[in-house]
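Notes to accompany the following structure.
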Amino acid sequence: MATLAFLVLGGLIVLSLVLYVYLKFEVLARNLIYLRHMVHPSIVSKLRTPRHFFHSNIVARNTEAITNDRVKIYGWHLMPAGRESIDIVSPLSALDESHSDGIFDKSLLDAKRVVVFFHGIAGCRGGVWLCGSARVSLVRSLATHFGSHVVAFDYRGFGDCQGLPSEAGILEDALAAWTWVSMRVDPSKCKVALYGQSMGSAVAAKLAAELCERQQSSSSVRPSAVILDAPFTCLADAACHHPISRGVLGLLAALGGAPLRDAALRRLPDAWPTVAHVSTIARAKCPVLILANSADEVVPVQLSQKVYEAAAAATATATTGVHFSEITAPKVLTRHHVDTFTAYDWIAKVGKFLDDYALSSDQGQASLNFTGLGSGIWAVTKAPMIYDWDVLV
């Protein structure tokens, strides 16, 4: 009798757990998808002080925006390295940071090029475990090499931002970031490009597709160019390859076979169909550059290749304005997935693309051309040391 009662109790507990997981699947799945809690507390505490991350290499300020659904998100505005930053430093040195926005806004109003950056999963705009992250080094490289202002916002629920992440919510965040930039630049002389890395490439593609569709029916402005770094076809495909979700899916397959694994993939609460979004972008004749690392361990190059093929097939002019670059270089960081920007070929390909499509008519050649140069350029382009802890995102 006691054994029967134990079995019944155990069965009820198992059923309760199954029911709980079923009812809470959306929340649990999104925590696994976005890994927003995977961040060292010291990074979050320093986010409102950009100097912790950029020191004097880049002049940066804090930014904030409120989305259409009333969520407040925070980010950074980085000045382009060089003369522009030097010119802005003198008046800043005599000002309290809270009174410096007018100086930054004037510089942004005179800007010729702005890159809006979208980061991958986990951590926040400041990285995952250490302040000197690959993510921070990437945005610093965008500001250093290409004469660009760079704007990088966190998503809701990430870092110091309010809310809970979802595909629909993150699109609202991206739209708020776009609006923040659009209200501060002169569209007659400034080109605005989007750069998304890993999951951020899905965000950039979704935002660009939304803006291209809006332009068809109104006078809305779309991006001048879109760069997708390590994009994937859709979230379900990415989940099958990511080191963390791949293990979870493998466990489900071991417990219940392929049908259980496939059922879990079908129940993912967000889709991020980048293939569909790049098709929309390409049909709108918005230039796209797709970057892939030939040895990427998180997003296989084949997924990025499929994104390119979808974009190329969607345009009536073959591959005009749609470009694919497979970067092959010795690994610098722990994973190839986050170190594409450390390759000299990245500087050359991104620089040429931005100069071709996101260059104001009176700006001239803003980017250095390293095409064909060998190791002799090392003294010119050697970047600050990178502490590589963003190995999964």
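Bear in mind these aren't lab numbers, they're just calculated from the coordinates by the rules spelled out. Computed from a prediction, not measured in an experiment: that's the story for all the values here. Cβ: placed from backbone, ideal geometry, glycine included. Neighbour counts: every protein chain shown.
Observations, loosely collected:
- P(r) of the range 131-260 over all Cα-Cα pairs, binned every 5 Å from zero, in whole percent: 2, 8, 15, 19, 19, 15, 9, 6, 4, 2, 1, 0
- Using a Förster distance of 45 Å, the FRET efficiency for residue 271-residue 87 (Cβ separation, nearest 0.05): 0.50
- Value of relative contact order over the range 172-294, rounded to a whole percent, pairs C-alpha under 8 Å and six or more apart: 31
- Over 27 Å apart at the Cα level, from the set 112/306; 106/349; 46/349; 191/349, are 112/306; 106/349; 46/349.
- Placing one equal scatterer on every Cα of the range 187-297 and applying the Debye formula, the log10 ratio I(q)/I(0) at q = 0.10, 0.13 Å⁻¹ is -0.37, -0.57.
- Residue-span extension gain [residue 64 to residue 186] - 0.36 nm each, minus C-alpha spacing: 41.9 nm
- Among 342-351, 146-155, sorting by the average number of other beta carbon atoms lying within 10 angstrom of each residue, highest first, gives 146-155, 342-351.
- The range 260-303: equivalent-ellipsoid semi-axes (sqrt of 5 x gyration tensor eigenvalues, Cα, Å): 25, 18, 6
- Straight-line reach from residue 72: taking Cα to Cα under 14 Å and skipping same-chain neighbours fewer than 8 places apart, the aspartates and glutamates in range are 64, 154, 160, 172, 173.
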